[in-house]
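Each reported figure results from applying straightforward, stated rules to the coordinates on display, with no laboratory input. Computed from a prediction, not measured in an experiment: that's the story for all the values here. Reconstructed Cβ throughout: ideal geometry from the backbone, glycine too, with neighbour counts over all protein chains shown.
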Amino acid sequence: VLTRQPVPETGAPESATVRLLSHGRPAQGLAHSAEYPSMEIRPATASDTAAMVLVEAAAFADPDDRFSHRQIPRVAVAVHGGEVVGWCVALIRSHRGGRTGRVYSVAVVPQLAGRGTGRAMLGWMLDRLEADGIGRVYLEVRAANAAAISLYESAGFVKIRDLPGYYGNGVDGVRMLRSGAGPSAGGTSASV
């Protein structure tokens, strides 16, 4: 279960507080992948950490793009056949302009890429953000990652800014925004 945890001030006006997305409210259900109905999307537990590190290593070729064991907060995971096959994290930021969300990472093992796992996790997270009253959600993605950009667009995100060199070594990024209640990523179910 993710809980809200304040982070010390950094001095920037927009960073008054960064909070982890709160999950585990009794009225909220699990999400499932459309292609793999037996796959479960659920809040991560401490015992999932090692598996999330393995998913990161499999999903992101560049070590600089990966979370380490120490960096992985408690998040949502996709479980299929008893194995963690993906994970997703979103943050809620409180600042002068109100509260916004940020999808920080969506990672799926390559064997299940393009089969609804990322879509199910993203939809699950967006539903939780919306339930928490978050109307604007941001994310950054590599400009060359057409599959991820297509997924995000299908969930209601629009490109708002090019980010030259954002990922270092001349690798460009794109900032995207989902404003207001839009379509979630589809393929999810919120029944308990």
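Quick notes on this structure:
- Sites residue 159 and residue 94 - FRET efficiency at Förster radius 30 Å, r taken between beta-carbons, to 0.05: 0.75
- Here the peptides 125-135, 82-92 are ranked by packing, the mean other Cβ count within 10 Å, and the order with the highest first is 82-92, 125-135.
- Working ranking of peptides 104-113, 42-51 by packing, defined as the average number of other Cβ atoms within 10 Å per residue, highest first, is 104-113, 42-51.
- Our estimate of slack between residue 166 and residue 146, defined as 0.36 nm per intervening residue step minus the Cα-Cα distance, is 5.6 nm.
- Protection proxy ranking of 153-159, 114-120, by the mean of other Cβ atoms within 10 Å over each peptide's residues and highest first, is 114-120, 153-159.
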